[in-house]
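Below: the structure, in structure tokens.
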Amino acid sequence: MTKLYNMASAREGGTLSQLRNLINRRNVVSDVRKDYHAVADFFDLVVDVHVVVAITEHLEMDNINAQVKCFPRLINVKTQEEKYTYLKFLIGQVIDRFVHQQMSSTLQVIEGYVNDVNERGEDKIYNYATAILKYGLLRRVSLMTTAVGDGGRCMRNWRYSMLVFETGHKTKYKLECFLLQAATKALLSPRLSHQVVCNRFINLSGGEGKNLDGDYVMELLNRLAKKRIKNLGPNHTPAAVARIGKTVMATNDIEQHMLRQLDVALQSREHTKRSVAADFEILFHELKNKSQVLQMIPGRSHEHYNNISSDIFSDIDARALHKWIQDKKQEYAGGKWAF
């Protein structure tokens, strides 16, 4: 948000600040820590609209309900497998056009395969829109990875996260990414490495796609423990606190089971979300028809984002990043810092 959100750009069509005012999301602020969920909901909605706009642009559709003209003949009589194969082909084309068109080249620079990348995009409004799309899809992939509990893919996401933190100058988060990769690739035994990769998720309610991050579950347990400690009153003793810490999960399961038997409505972990259909339509009209953010029109530029690149990783100094990684390897290998 720090890189893409600026309140001064509220009059520039297609910017996050302008879109925030357009649908009256006044709880969205530049400091994400003040209201993370409001900012996350708004950003996810904006990314969803950008994805739909990108698809309609690629398929040359004027609106969501328009007829697609590029479908092959007799597509309706194809088998479900053939339709699914063609759908994946179209999705790949959209990704290549709006996401991979410059990002893959910069990644090759960072990995040392090539020396430089020529910046050919001159439409800075298009660059800004694709930056939102790329950051949003990275976030979406990370959330989906957690939900399905895919440890291997999670590790790959952390590599991208290191690059994101590098561009945002988040040194401590970047160090966390490095230590996680170092632990799973070199420092831990194969058994411990497998545990770190695969045991990062906890499913409290059961069912597919309902995994949660371990640190988020720890926050839930801390909340339950604090609630029970508060109810101790004058009986607050070290022994009582220790007993609550050891039994907080078991007592919570018993409580939930009793409430189900008594037909008492359980407290939801999620807020009821209002329909965003009207907001989606407003944002789609703004991005697709008015601002035309995903149409390449050379010479355009946002006043407050006139230097934005078509690639979100273009600001990374590959040599400096490699040197930082090598220095950290030497420091931890030599025992300068405790792992």
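The values are calculated or read from the model by the stated rules, or taken from the named source; none is laboratory data. These figures come from a predicted structure and were not determined experimentally. Positions of Cβ are backbone-derived with ideal geometry, glycine not excepted, and every protein chain shown enters the neighbour counts. What goes into the accessible areas is simple: the full protein's heavy atoms, side chains included, and nothing from ligands, DNA or RNA. Shrake-Rupley method; radii C 1.70, N 1.55, O 1.52, S 1.80 Å.
Brief remarks on what is shown
- Residue match in region 89-109 (condition: open to solvent by less than 80 Å² (accessible area, probe 1.4 Å), touching a Pro at 6+ places or on another chain (Cβ under 9 Å) and modelled with pLDDT under 90): no
- The condition of being under 16 Å from the mean Cα position of the chain (by Cα) and surrounded by fewer than 17 Cβ atoms within 10 Å (Cβ to Cβ) holds for only one of 141, 196, 164, that being 141.
- Flag if residue 168 is of a type outside the set (A, V, I, L, M) and farther than 30 Å from residue 317 by Cβ: no
- Residues considered: 254, 244. Of these, the only one that is open to solvent by 80 Å² or more (accessible area, probe 1.4 Å), among the aliphatic types (A, V, I, L, M) and in a helix (DSSP H, G or I) is 254.
- Residues located in region 56-76, provided they are hydrophobic (A, V, I, L, M, F, W, C) and surrounded by 11 or more Cβ atoms within 10 Å (Cβ to Cβ): 59, 61, 64, 66, 68, 71, 75
- Taking every residue in region 288-304 that is closer than 23 Å to residue 95 by Cβ and aliphatic (A, V, I, L, M) and pairing it with any residue that is open to solvent by 20 Å² or more (accessible area, probe 1.4 Å) and outside any loop (DSSP other than H, G, I, E, B), at least 6 positions away or on another chain, the pairs with Cβ-Cβ distances below 7 Å are 293/125; 294/57.
- Take the conditions (1) β-branched (Val, Ile, Thr); (2) open to solvent by less than 60 Å² (accessible area, probe 1.4 Å); (3) modelled with pLDDT under 90; residue 53 misses just one of them, which is (3).
Conditions tested, residue by residue: (1) closer than 20 Å to residue 168 by Cβ; (2) not in a helix (DSSP H, G or I).
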site: 29; (1), (2): yes, yes
site: 56; (1), (2): no, no
site: 65; (1), (2): no, yes
site: 76; (1), (2): no, no
site: 88; (1), (2): no, no
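This table checks each residue for (1) modelled with pLDDT of 90 or more; (2) under 28 Å from residue 58 (Cα atoms); (3) not acidic (Asp, Glu).
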residue: 289; (1), (2), (3): yes, yes, yes
residue: 294; (1), (2), (3): yes, yes, yes
residue: 298; (1), (2), (3): no, yes, yes
residue: 306; (1), (2), (3): no, yes, yes
residue: 310; (1), (2), (3): no, yes, yes
residue: 313; (1), (2), (3): no, yes, yes
residue: 323; (1), (2), (3): yes, no, yes
residue: 332; (1), (2), (3): no, no, yes
residue: 337; (1), (2), (3): no, no, yes
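- Residue match in region 289-298 (condition: open to solvent by less than 70 Å² (accessible area, probe 1.4 Å), in a helix (DSSP H, G or I) and small (Gly, Ala, Ser)): no
- Filter result for residue 264 (in a loop (DSSP other than H, G, I, E, B), at pLDDT below 85 and not acidic (Asp, Glu)): yes
- Test: residue in region 298-313 that is of a type outside the set (Lys, Arg) and more than 30 Å from residue 40 (Cβ to Cβ): yes
- Which listed residue, of 223, 228, is part of a helix (DSSP H, G or I) and open to solvent by 100 Å² or more (accessible area, probe 1.4 Å): 223
- Selection of helices (runs of 4 or more DSSP H) fully inside region 134-205 by the criterion of at least 1 residues being in contact with a strand residue (DSSP E or B) (Cβ under 8 Å, 6 or more places away or on another chain) returns 151-167.
- Residue tally, condition surrounded by fewer than 13 Cβ atoms within 10 Å (Cβ to Cβ), over 22 Å from residue 140 (Cβ atoms) and of a type outside the set (Asp, Glu), over region 9-43: 4
- Taking each residue of region 305-332 that is farther than 29 Å from residue 123 by Cβ and open to solvent by less than 20 Å² (accessible area, probe 1.4 Å) and looking for partners that are of a type in the set (D, E, K, R) and at pLDDT 85 or above with beta-carbon atoms closer than 8 Å, six or more apart or interchain, yields nothing.
- Members of region 144-155 that are open to solvent by 40 Å² or more (accessible area, probe 1.4 Å) and either over 28 Å from residue 53 (Cα atoms) or at pLDDT 95 or above (or both): 150
- Flag for residue 282 being at pLDDT below 90, within 30 Å of residue 97 (Cβ to Cβ) and open to solvent by less than 100 Å² (accessible area, probe 1.4 Å): no
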